[in-house]
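Following: one structure in structure tokens, then a few remarks.
Please treat every number below as a calculation from the coordinates, not as lab data. Predicted model only: the values in this text are computed from it and were never measured. Cβ placement follows ideal geometry from the backbone for every residue including glycine, while neighbour counts extend to all protein chains displayed.
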Ligand SMILES: NC(=O)c1ccc[n+]([C@@H]2O[C@H](COP(=O)([O-])OP(=O)(O)OC[C@H]3O[C@@H](n4cnc5c(N)ncnc54)[C@H](OP(=O)(O)O)[C@@H]3O)[C@@H](O)[C@H]2O)c1
């Protein structure tokens, strides 16, 4: 099998750490360039001892240099904050490198929406038309042809996979959807900050970001494209005292209040029958984050509340694997003409 040399900018973050773990088990991608400003000069296996003995452990962490990266790598993952990635991506694309960006910089198709929600102007709006939204279940063919993939956000991944079948089959009113989502603390990144210190998150449970979480325009954009009319959502996010995982509970009014759970299950089963990573759970079983931990699975549980005429969809993913690095690797697989699941077949460790 041909070896594909890859680079990772943002190696010291949680998303970078997870991608380093996944790449170490990939049969044909090799981590040749690992970038961080703070840890430059260190051997990767010294910084991440879990990598020792695996491919990539001897790579020296370096400061991002677009020219050197382009000379070394066929694909580069940008696991850096929004606002940082757009210029890096521009430099790499100009040098002919394929780019998977983890940040929000290329997810929103309208630069005005980006400016409104991210409070900064887009400096590379000229590249937005090249970016493909990287949800493999929806856009695999476009991803395979893309030079630039905008890897989806973690919450949007759970919500879009959760809602897709219900909207596609016209089961629900789309003007009154409420999404109540909870995330483990790694979703906030690895940088030191008071709100994510142990004593601030352990043994407590709080909402944050209401009612303007930055993932709202991304979710609304993709749902509106699916429904072919403009959709707005109510989206509440919470921080759970666990390391990783997202559980989104989605409430929507059924168009026909007499809809039976069996009808909903049939629509979901039909939509996802060829998507092995989306598991519609058996009737009466609700998803848990521990069963998708470190994996690409999205587990979906379905409840029909006949009394109130509502459909309740519960969608669980792992924010770091399915919601970030695993999905980025799936996209890179497609961009390199590999099977989408290459190096991504692991199950969750249960304890
Ligand atoms: N955490 C998640 O669950 C998750 C899920 C989906 C998407 N994402 C996205 O993935 C990206 C990384 O998230 P994360 O959680 O891994 O963040 P993080 O833990 O805070 O790590 C950020 C990384 O970016 C580097 N970095 C920060 N500012 C930089 C700059 N100005 N120039 C170059 N490098 C810079 C940092 O290293 P140095 O400071 O040493 O350079 C670090 O390696 C973000 O865009 C985030 O929104 C994260």
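In table form, for the structure just shown:
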| read-out | value |
| --- | --- |
| Convex hull volume of the stretch 278-351 per residue (C-alpha atoms, cubic angstrom) | 104 Å³ |
| C-alpha long axis of helix 216-227 to longest principal axis of the chain, angle in ° | 60 degrees |
| Volume in Å³ per residue [convex hull over Cα atoms, computed for the stretch 5-51] | 64 Å³ |
| Order of 88, 242 - criterion: other Cβ atoms within 10 Å of each residue's Cβ, fewest first | 242, 88 |
| For the chain, built as a Gaussian network whose Cα springs stay under 10 Å, the top-fluctuating residue of 53, 301, 184 | 53 |
| Paramagnetic reach from residue 202 (point 7 Å along Cα→Cβ, amide N under 16 Å) across the stretch 217-253 | 240-244 |
| Modelled FRET efficiency - R0 45 Å, residue 178 with residue 30, Cβ distances, 0.05 increments | 0.50 |
| The stretch 166-275: relative contact order as a whole-number percent, Cα under 8 Å and 6+ apart | 47 percent |
| Most to least packed among 331-344, 38-51 [average Cβ atoms within 10 Å] | 331-344, 38-51 |
| Residue 145-residue 270 pseudo-label distance in nm [points 7 Å out on the Cα-to-Cβ vector] | 2.8 nm |
| Ratio of Rg to Rh over the stretch 155-319 (Cα coordinates, Kirkwood Rh, two decimals) | 0.98 |
| Of 239, 226, 161, the one that fluctuates the most in a GNM where the chain has Cα springs shorter than 10 Å | 226 |
| Stretchable slack from residue 110 to residue 193, in nm (0.36 nm times residue separation minus alpha-carbon distance) | 26.8 nm |
| Separation between Cα centres of the stretch 124-171 and the stretch 277-343, rounded to whole Å | 14 Å |
| Fraction of antiparallel bridges per DSSP, the stretch 155-319 only, in percent to nearest 5 | 70 percent |
| Cα-only Debye scattering, the chain: base-10 log of I(q)/I(0) at q = 0.07, 0.12, 0.15 Å⁻¹ | -0.28, -0.85, -1.33 |
| Length-normalised contact order for the chain - Cα pairs under 8 Å, 6+ apart - percent | 17 percent |
| Acute angle (nearest 10 degrees) that the helix 14-24 long axis makes with the longest principal axis of the chain, alpha-carbon atoms | 70 degrees |
| Debye intensity ratio I(q)/I(0), log10, the stretch 59-128, q values 0.13, 0.23 Å⁻¹ (C-alpha model) | -0.37, -0.99 |
| Which of 35, 199 has the fewest Cβ neighbours within 10 Å, and the rest in rising order | 199, 35 |
| Ranking of 98, 119, 130 by count of other Cβ atoms within 10 Å, fewest first | 119, 130, 98 |
| Folded to 0 to 90 degrees: helix 154-168 orientation relative to the chain principal axis, Cα | 40 degrees |
| Theoretical gain in end-to-end length, residue 84 to residue 224 [0.36 nm per residue, Cα-Cα removed] | 47.6 nm |
